Amino acid sequence: MDVSLTRNFCIIAHVDHGKTTLSDRLLEYTNTVTQRVLTAQHLDSMDLEKERGITIKSHPVTMHYPAKDGLIYKINLMDTPGHVDFAYEVSRSLAACEGAVLLIDAAQGVEAQTVANAHLATAQGLKIIPVINKIDLPSANLDLCITQLEDILMIPGEEAILASGKSGIGIQDILEAVVARIPPPRWSHHPAVRALVFDSLYDSYRGVITYARVFSGSVKAGDQMLLMSNNQKSEIKEVGVFTPKMTKMDTLGAGDVGYVISNIKDTSDIKIGDTLTLVKNPATDMLPGYKEVRPMVFCGLYPLESQDYEKLKAALSRLRLNDAAFLYSSESSVALGFGFRCGFLGLLHMEIIQERVRREHDVEIISTYPSVVYKVKTHGKDEIEVDNPVNLPDPGTILYISEPTIRASIHIPNESMGDILSLIMEKRGVCDQTDTLDGNRVMLTCNLPLNEILVDFNDRLKSVTHGYGSMDYELGAYQESDLVKMDIMINGDPVDAFSSIVHRDKAEGKGRVLCEKLAEIIPPQMFKVAIQAAIGGKIIARDNVKEMRKDVTAKCYGGDISRKRKLLDKQKEGKKKMKMIGKVNIPPDTFIQILKN
Ligand code: GDP
């Protein structure tokens, strides 16, 4: 097929601005799927995604659209994850397109992720088609959206298409704009085969499935392929496209987006952003923009029941197969036994993996405090990376510790300015730029330590701004800080799982809060139990767990013996699930509760 009749685009939007709904309308309009099949929203296939409304994995879909000019176009729609944790996946999906539909919720206007995504798309040289969505809403404010489009994104307002994914307004206009405004596939005349790897998936029957966008040449079953970043060679078994289900094709040619199945066994051999070429007449230059993704947030995951260790190991290895950005290696903890150190792109990525271990693999797990990767220099040794506070060298030998920072853009209503500035200050951030977005909103640009936004920054931002604030960030440089290791001790035993690296000025306050919370969450004990926070040997905060035995049957008046037995059984069950630390039973969700609060 002639590349001039192919268009590759993606939809970029802030979470909840209607990307999934609109994608479904486009599939329906082009008869790619029938309405009947579209019972569940089509592009978000994982349960968890549906629940959280976040697209995690990019699923491309090929559609055929008979345009008003009488020609039938092959249109590939790439789905992009909307959340900052997946920014690298967003930029890979963008790199596989020539254009992007930028969705703006007519009632919400431009948000931080809209701006961040628009910048990513412009940086990749993509043509942007602005779409103001959800115009059916009574609260839609079209004038404001157009002004924001012009003032913040520098996109002429008359380019905007008005749409509603829900009511089916503007669907044809969007498809016509895709055909007319987005250029046909670029770099198709390169002399060698080059395809961009933008995702991979593990399927238990078919093995590793590589998602690729072919830029030049073509690939087919039987070809010997070569991955340029690691020189991995393998034979292609099958190629095809997503319609949206996997559909086998004879070849994938220039401009096509689809899948390649080869005899590669391990998804970790497939690196997102890599260039796929053929062993025969290989390309010499990779497609631009490949970089190694490195996990930025680490935590320990332990099975609640030690006999579940193998089950947890199997679960993690399965998850890793589908997610090359997730890393794990075995570790052990005095308090928690044998488990795994896991690395994630960000906090959301961490939550999703933990949730999938619990739900899809049915393993109860306990998680340690999350940590970023610190760089530590000691006397006479090279700088080392520390992602687990337990491995921090002896404080006496440390010359400096530096921590990763982020560059954040935060959109807020004017009236929240004071609260947000104090939140940023509390989180050790420095704000260096304030831009007015419109009469009601401002954008703050600031540097913050990554560690400080790990736990509750986003929730606090949302609550202070009554849900109207939004944030996006990219990683910044490392900076030296006065950081110390804080230990938490239960009944005199340091709980390695609760150790954390904190800024010295915040250690005491944080220690006090942690001790208080633990004292509250840990159920009353038969004996006196002290909870202490310490830096080095110095105690900086303490609290006590309540002392008494709670007899659950006490509240059952009368002699209903079966009810009493039920309660006792329940109590026994609860006990069985607890973890013993310093002779104290810790309920399984203690760690999560501590993290969440
Ligand atoms: P995504 O997070 O960007 O994929 O957004 P979804 O497509 O999941 O939509 C988020 C929410 O907005 C859902 O509750 C949708 O029902 C709703 N929604 C999506 N499109 C429209 C629209 O055009 N009009 C209205 N009123 N609601 C919409």
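The values are calculated or read from the model by the stated rules, or taken from the named source; none is laboratory data. What you see is a predicted model; the values in this text were computed from it and never measured. Backbone-built Cβ (ideal geometry, glycine too); neighbour counts: all protein chains shown. Heavy atoms of the whole protein, side chains included, go into the accessibility calculation; ligands, DNA and RNA do not. Shrake-Rupley method; radii C 1.70, N 1.55, O 1.52, S 1.80 Å.
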What distance in nm separates the two pseudo spin-label positions at SER463 and GLU360, each 7 Å out from Cα along the beta-carbon direction?
3.2
Treat each spin label as a single point 7 Å out from the Cα along the C-beta direction, and report the LYS546 to HIS190 distance in nm.
6.5
For the chain, which whole percent of the accessible surface, found with a 1.4 angstrom probe, sits on carbon and sulfur atoms?
51
Total formal charge among the other residues, if their Cβ is under 10 angstrom from that of VAL545, Lys/Arg +1 and Asp/Glu -1
-1
Rounded to the nearest Å, what's the spacing between the alpha carbon centres of segment 240-298 and segment 310-365? Just the number, please.
26
Test of understanding: what is the full-extension gain from SER167 to THR397, defined as 0.36 nm times their sequence separation minus their Cα-Cα distance?
76.3 nm
With r defined as the distance between the Cβ atoms of LYS528 and ASN141 and R0 fixed at 45 Å, what FRET efficiency is calculated, to the nearest 0.05?
0.15
Can you compute the label reach from GLU158? Point 7 Å from Cα along the Cβ direction, backbone N cut-off under 18 Å, restricted to segment 104-132.
128-132
With runs of 4+ DSSP H residues as the only contributors, calculate the mean residue ellipticity of the chain at 222 nm using -39,500 (n - 2.57) per run, divided by the residue total and rounded to the nearest 500.
-7500 deg cm²/dmol
From the cross-link list LYS127/LYS220; LYS19/LYS462; LYS220/LYS271; LYS245/LYS271; LYS313/LYS462, which pairs have alpha carbons spaced over 27 Å apart?
LYS127/LYS220; LYS313/LYS462
When all protein chains stay in place, what accessible area (Å², nearest 10, 1.4 Å probe) is found for TYR29?
110
For the pair SER422 and GLU508, the simple spin-label estimate (label points 7 Å beyond Cα toward Cβ) gives in nm 2.0
Mean Cα-pair separation over length for the chain, i.e. relative contact order, pairs under 8 Å, 6 or more apart, %
9
If you wrap a convex hull around the C-alpha atoms of segment 194-278 and split its volume per residue, what is the figure in Å³?
78
Straight-line reach from LYS74: which aspartates and glutamates have a Cα under 20 Å away, not including same-chain ones fewer than 8 places off?
ASP2, ASP24, GLU28, GLU98, ASP173, GLU176, ASP250, ASP256
Can you pull the percent of Cα pairs in segment 394-481 with separation above 14 Å?
64
Per the rule of 0.36 nm per residue minus the C-alpha distance, extending SER4 to ASN231 adds in nm 78.5 nm
What does the extension gain come out to for ASP493 and GLN433, with contour length at 0.36 nm per residue minus their alpha carbon separation?
17.0 nm
Can you give the FRET efficiency to the nearest 0.05 for ASP266 and SER330, using r as the Cβ-Cβ distance and R₀ = 25 Å?
0.90
Heavy-atom accessible area per residue, the chain, 1.4 Å probe: how many Å²?
44
In bins 10 Å wide, starting from 0, what share of all Cα pairs of the chain does each bin hold, as a percent?
3, 15, 23, 24, 19, 11, 4, 1, 0
